[in-house]
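Data first, discussion second: the structure below is written as structure tokens.
The values are calculated or read from the model by the stated rules, or taken from the named source; none is laboratory data. Given the structure is predicted, the values throughout are model-derived calculations rather than measurements. So basically every Cβ, Gly included, is an ideal-geometry build from the backbone, and we count neighbours across all protein chains shown.
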Amino acid sequence: MTGMSLPFLNAASAAAQAPKARSVINIFLSGGLSQYDSFNMEVDKAVIAKSRIIKSNADGVRVSHYFPTLAQQMDKLLVINSMKSNQGAHPAGIYKMMTSYNPRSSITHPELGAWINKRMTTERDSLPNFVSIGKGSAGTAGFFPGQWAALPVKNTSAGIDFVKRNAAVDEGKFKKRLGILDSLNGDFDQDYGTKDTRAYVDTYKGSLKFMNSKDIDAFDLEKENEHIVSLYDRQEFSRSCMLAGRLVERGVRFVKVELGGWDYHDDLYGRLPSNASKLDKGLSSLLTHLSQKGLLDSTLVVVSTEFGRKPGVNPNKGRDHHPDGFTCLMAGAGVKAGQIYGSTTKDGQSAADNVLDVTDFNATIAWSLGIDPAYEEMSASGRPFKLANKGEAREALFA
Amino acid sequence: MIRVLNLMLCMAVSASAAFAQSLENTAHARQIDQLALEQLKQIGQNRRPGIDDYAFCRRVYLDAIGRIPTIDELDSFIADQQPEKRARLVDKLLNSKGYSSHWHNYWADLLRVKYVGDKLHHPGNYSEWIKESLRGNKPYDQMAHELINASGELYKPGNGATGFYAREPMPLDHLANSVKTFLGLSIECAQCHDHPFDDWTQKDFYKLAAFSSKTHLRVDPTPTVEKKTYARDRKILKNKDFDEWIVYRESIRVKHAAIYGNGTGFMRLPHDYQYDDGEPFEAMEADVLFGDMPKVNHKLTKAELDALKNHHFGPEINARQSLADWMTSPDNPMFTKSIVNRMWHQVMGAELAGPLGALTQEEMGDHPALTQKLIEIMKALDYDLKAFLSVLFNSRTYQSKALALNADAPKYILDGPIVRRLSAEAIVDSFLSLKTETPDRYVATEFKWDGFTNFYEKSQKMGVKDFVSYSINGPGRGAFQKREERAAKRRNGATGPEHLWRVSSYGHVDGNHEVAMLMGKSDRDLIDGANKEPDIPQILFLMNGDLEHEITTQPKAFIHRKLDSVSDPAKRMEIIWKAILSRLPKESEKPLFSNDQDDLIWALLNSNEFKFVR
């Protein structure tokens, strides 16, 4: 197991609890995961509708039959059934889950990953600390400088766009080009050099360093050990999970993996199974991967969604949005694995015990990394914002 | 014969009017130069050197129409021996197609033109309103007034100004945006509490909000229309088929989505109002933040309204128009100060009076007399933006060497432009100047239809039976919007190949302009949301993408053809330098001759000189 180094902490910040995790992998299920067809079986039978309840390898934890592989990994997972959001539409719901704030047109807030990136990046890091894998929008830095936004990886085979030299250009030719560029920029700098022109020169240097970094192969799945590769199937989501595991092994602090398509307002039982299978297999493989590499204790795996779906099935055989009592999962980093935290009412209408607001959820993730959730930054206009808005860490989620 | 004489007379009159205007503009430009000179004298600094024709050509193409000149355009300007050639170029550019393309990007960023799925907000009509306003050189105060006071259907062609309200239908946020956009003031904090730094109280905010209270976006038909027309079939479809029900709902929305309400002149304090000077739900009568109160024809007094239940805001009395009148009045000092601040910033690269969205009433910037002069000029020109830009471009102040702001640079006193990066769109459109000899060819000169405006027009003849039939016999939820977009495209006729479009030609349906996004194009979530910073993905694209490949090795590419016919290396270098940097190579650069053509092109495209204004 790799030694854990304390993240860089501002002397002024309080809650300096020893961190539980070094890194976070956030699997984000955009569209709204149907909790009563996945992980919340603790409701009336009618609510569960066409899902069938199956036992898992954790006592007292039952799941929907659409997740047979994960059923054998529930001893690693903590099921949180009492999630609550104040947003019921996708754009605002996703925004709230990602940033802990309601969308306002006066400001764009940074995503949690950007906060963590900014807070935890040190000189020694050769890889960016916020990476976003998948086709959804990569993580925004909001009012932070753009360097804290997520590095996007649109698909695992392509890796990072343009990180390799253009095919038509060999190393010698590339060096020549850089030489000409240096000469032109040096000349321009005489009369017209500013902070901004120098920032460009610096970022070119940084980009070259990145291209030549030995850690670039972190993005190359071809380089992964055969026995790890064999844990995963060939689905893009599974490969994205594998890449996430690789990146946290190299020390990346926050990796977001998006798996969308959960918005089943109609024909839920026709369309859910194939998507469920992707999550079922990919997440299981990831948990085994992290386990085998000894990374599970230092990695917080978070499976989240912007809201859930209604207890009642609608006339189109789907379920509509439902933000009061939905389900998220956590694993690793010393969470209370193999248990259920919080509940909904038996009729599935609302969160009941141990309600966990989206802002508290995000505060807990930050806290697990050793960051004070009340950590504050100012926007350009001097307005203060906190990492998780008014959210408070729910320490009870950890053993 | 009479007609010919009449025509000649008209031309003579308009020519003399134009001549008179241009004399006046020259006078304005000289006044700006005079003020700059006085300031320089005061601090004992020399005037900056002027720029040569090459630099001027590049600069004014970028600032007037948002791209570098093609090599042919540059050569033609250099070769021009006629008098007043710079003034003539300014005039030509401001009256060319490129003007509306370039300034559309600016206004669309400021007005946050964007698709917002939740409220079915298709930005096409909004975008077309901006383009039409620019093409017709609508005076700025009229543009602003239309945006603040827009009502009616969102997708009615010509009514695109309603997009401004639809873009932010939360009324208090919308108010804060409007004030920032047109008055340059940040009052958004006062929405929830007395402002920590400035003088605005929460009460002030609510009194201002009273002008436009009850204005709202409604995407569905009004309850009366719904009950009479659509309700019965909606219920049937809802129980029958999800897809059909969605198509029914969405298509009806295209017809009916509208901004309602013209303002009641009264607002109520929020339920959690915390200060001693008011009660929760207490009625607030409309009042302006400063200056003269415009006329508002109240039908109720505050006392009468306070006596009514909390959901009463009084009858509509067209108070929103009074707000628009106040905000856009020449007597409103912030209105003119804000626009001259913005225009100066666009053209010179630096703020004149203060931060674009955070001015104060007192602040006049580092050169108050200059700010005052520019305000006077804008008013004298009746808010004609082209004329104002013409004044700036024709000034000696503008036509001087750009200053690199640094700790050791001479003190900057707004005596000319500063070195700054091009906007994302200007960089991308400049690539176009290298790919084709006619970069503005496909910029539209008339209204372009999109799926929503086209369907809106069709829907005027559609009754409920037609909507039902459309929903049942249509291509289904996912495809109906696509189908309508295709119909609109056919109606627009030929629009040219996408790789030869300027960025402003990309509409919502054309997807994100990936390269422009990499360069920092605004995603229009925020006012002024673009950024000009470097980051790794952007630089990787510039270094390792196919940029110079596209520009040089594609046989059809303009520069490739130009270079093909030339064998002398010095001549080739001259072509490359003129095309990309809009100047001749310096003596000190001659050693670079020996490099391969594509290496030189790569380096120039990646250089700071290309990306920055000098």
Confirm whether residue B:166 is touching a residue at least 40 places away in the same chain (Cβ under 8 Å), under 30 Å from residue B:443 (Cβ atoms) and within 14 Å of chain A (Cβ to nearest Cβ). yes
Do you know which residues across the stretch B:353-374 are at pLDDT 95 or above, among the aliphatic types (A, V, I, L, M) and crowded, with 21+ Cβ neighbours inside 10 Å? B:353, B:370, B:374
Enumerate the pairs (first residue in the stretch A:264-279 and more than 12 Å from chain B (Cβ to nearest Cβ); second residue anywhere and assigned to a helix (DSSP H, G or I) and small (Gly, Ala, Ser)) with beta-carbon separation below 8 Å, excluding pairs fewer than 6 apart on the same chain, so at least 6 apart or on different chains. A:278/A:238
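Matching residues to (1) farther than 21 Å from residue A:40 by Cβ; (2) outside the structural domain of residue A:351 (by TED's automatic domain parsing); (3) touching an Asp or Glu at 6+ places or on another chain (Cβ under 8 Å):
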residue: A:257; (1), (2), (3): yes, no, no
residue: A:272; (1), (2), (3): no, no, yes
residue: A:278; (1), (2), (3): no, no, no
residue: A:285; (1), (2), (3): yes, no, yes
residue: A:288; (1), (2), (3): yes, no, no
residue: A:304; (1), (2), (3): no, no, no
residue: A:316; (1), (2), (3): yes, no, yes
residue: A:320; (1), (2), (3): no, no, no
residue: A:324; (1), (2), (3): no, no, no
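Tell me whether the stretch B:505-513 contains one or more residues that are away from chain A (no Cβ under 14 Å), closer than 30 Å to residue B:228 by Cα and without any contact (Cβ under 8 Å) to a residue 40 or more places away in the chain.
First, pick out the residues of the stretch B:505-513 that are away from chain A (no Cβ under 14 Å): B:505-510, B:513.
The next check asks that each one be closer than 30 Å to residue B:228 by Cα; those that pass are none.
No, there is no match, as no residue in the stretch B:505-513 is away from chain A (no Cβ under 14 Å), closer than 30 Å to residue B:228 by Cα and without any contact (Cβ under 8 Å) to a residue 40 or more places away in the chain.
Residues of the stretch B:71-126 being small (Gly, Ala, Ser), surrounded by fewer than 17 Cβ atoms within 10 Å (Cβ to Cβ) and assigned to a helix (DSSP H, G or I), which ones?
Initial filter on the stretch B:71-126 (small (Gly, Ala, Ser)): B:76, B:79, B:87, B:96, B:98, B:100-101, B:108, B:117, B:124.
With the extra rule that they be surrounded by fewer than 17 Cβ atoms within 10 Å (Cβ to Cβ), the set shrinks to B:76, B:79, B:87, B:96, B:117.
If the condition is that a residue be small (Gly, Ala, Ser), surrounded by fewer than 17 Cβ atoms within 10 Å (Cβ to Cβ) and assigned to a helix (DSSP H, G or I), then B:76, B:79, B:87, B:117 are the ones that fit.
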Somewhere in the stretch A:68-81, is a residue surrounded by fewer than 23 Cβ atoms within 10 Å (Cβ to Cβ) and of a type in the set (Ser, Thr, Tyr)? yes
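In the stretch B:144-163, what residues are touching a residue at least 24 places away in the same chain (Cβ under 8 Å) and either part of a helix (DSSP H, G or I) or touching a Leu at 6+ places or on another chain (Cβ under 6 Å) (or both)?
The first filter runs over the stretch B:144-163 and keeps only residues touching a residue at least 24 places away in the same chain (Cβ under 8 Å), leaving B:144-145, B:147-163.
Across the stretch B:144-163, the qualifying residues are B:144, B:145, B:147, B:148, B:149, B:160, B:161, B:162, B:163.
Just give me the residues in the stretch B:484-508 being under 19 Å from the mean Cα position of the chain (by Cα) and in a helix (DSSP H, G or I), in sequence order.
Our first condition is that a residue be under 19 Å from the mean Cα position of the chain (by Cα); within the stretch B:484-508, this holds for B:501-508.
Those that are under 19 Å from the mean Cα position of the chain (by Cα) and in a helix (DSSP H, G or I): B:503, B:504, B:505, B:508.
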The residue from B:517, B:543 that alone is within 14 Å of chain A (Cβ to nearest Cβ), surrounded by fewer than 16 Cβ atoms within 10 Å (Cβ to Cβ), out of contact with any Phe, Trp or Tyr (no Cβ under 6 Å at 6 or more places or on another chain) and on the phi < 0 side of the Ramachandran plot is B:517
Tally of residues being at the interface with chain A (Cβ under 9 Å from one of its Cβ atoms), in contact (Cβ under 8 Å) with a residue 40 or more places away in the chain, more than 16 Å from residue B:503 (Cα to Cα) and not basic (Lys, Arg) across the stretch B:520-540: 4
Output the residues belonging to the stretch A:260-270 that are part of a helix (DSSP H, G or I) and either surrounded by 19 or more Cβ atoms within 10 Å (Cβ to Cβ) or not assigned by TED's automatic domain parsing to the domain that holds residue A:47 (or both). A:268
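Please state which one of A:252, A:257 is more than 14 Å from chain B (Cβ to nearest Cβ), over 30 Å from residue A:349 (Cα atoms) and either touching a residue at least 60 places away in the same chain (Cβ under 8 Å) or not in a loop (DSSP other than H, G, I, E, B) (or both).
On the way: A:257 fails: over 30 Å from residue A:349 (Cα atoms).
Going through A:252, A:257 in turn, the sole match is A:252.
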Please verify whether the stretch A:196-210 includes one or more residues that are touching a strand residue (DSSP E or B) at 6+ places or on another chain (Cβ under 7 Å), assigned to a helix (DSSP H, G or I) and either within 11 Å of chain B (Cβ to nearest Cβ) or on the phi > 0 side of the Ramachandran plot (or both). yes
Every residue from the stretch B:292-319 that is within 30 Å of residue B:352 (Cβ to Cβ) and crowded, with 17+ Cβ neighbours inside 10 Å: B:294
Among residues of the stretch B:358-368, those that are touching a residue at least 24 places away in the same chain (Cβ under 8 Å) and either of a type in the set (D, E, K, R) or closer than 17 Å to residue B:398 by Cα (or both), counted: 2
Restricting to the stretch A:368-391, name every residue that is part of a strand (DSSP E or B), in contact (Cβ under 8 Å) with a residue 24 or more places away in the chain and within 14 Å of chain B (Cβ to nearest Cβ). A:385
Single match in B:397, B:336, B:360, B:371 (criterion: in contact with a Gly (Cβ under 8 Å, 6 or more places away or on another chain), within 22 Å of residue B:94 (Cα to Cα) and of a type in the set (Val, Ile, Thr)): B:397
Those residues of the stretch B:573-603 which are of a type in the set (A, V, I, L, M, F, W, C) and either more than 7 Å from chain A (Cβ to nearest Cβ) or touching a Cys at 6+ places or on another chain (Cβ under 6 Å) (or both) amount to B:573, B:575, B:576, B:577, B:579, B:580, B:581, B:584, B:593, B:601
Does residue A:155 count as surrounded by fewer than 20 Cβ atoms within 10 Å (Cβ to Cβ) and either touching a residue at least 24 places away in the same chain (Cβ under 8 Å) or acidic (Asp, Glu) (or both)? yes
Got a number for residues in the stretch A:223-241 being in contact with a helix residue (DSSP H, G or I) (Cβ under 9 Å, 6 or more places away or on another chain) and over 13 Å from residue A:155 (Cβ atoms)? 9
Scan the stretch B:175-200 residue by residue and report those that are facing chain A (nearest Cβ under 10 Å), out of contact with any helix residue (DSSP H, G or I) (no Cβ under 6 Å at 6 or more places or on another chain) and more than 14 Å from residue A:382 (Cβ to Cβ). B:177, B:180
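Just one of A:189, A:220 is facing chain B (nearest Cβ under 8 Å), out of contact with any Asp or Glu (no Cβ under 6 Å at 6 or more places or on another chain) and either of a type outside the set (Gly, Ala, Ser) or farther than 19 Å from residue A:29 by Cα (or both); which is it? Can you show your working first?
Values: A:220 fails: facing chain B (nearest Cβ under 8 Å).
Sole residue among the options that is facing chain B (nearest Cβ under 8 Å), out of contact with any Asp or Glu (no Cβ under 6 Å at 6 or more places or on another chain) and either of a type outside the set (Gly, Ala, Ser) or farther than 19 Å from residue A:29 by Cα (or both): A:189.
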Within the stretch B:42-57, considering residues that are in contact with a helix residue (DSSP H, G or I) (Cβ under 8 Å, 6 or more places away or on another chain) and surrounded by 14 or more Cβ atoms within 10 Å (Cβ to Cβ), the one nearest to residue B:426 (Cα to Cα): B:57
State the number of residues belonging to the stretch A:142-186 that are outside any loop (DSSP other than H, G, I, E, B), at the interface with chain B (Cβ under 8 Å from one of its Cβ atoms) and over 29 Å from residue B:584 (Cα atoms). 4
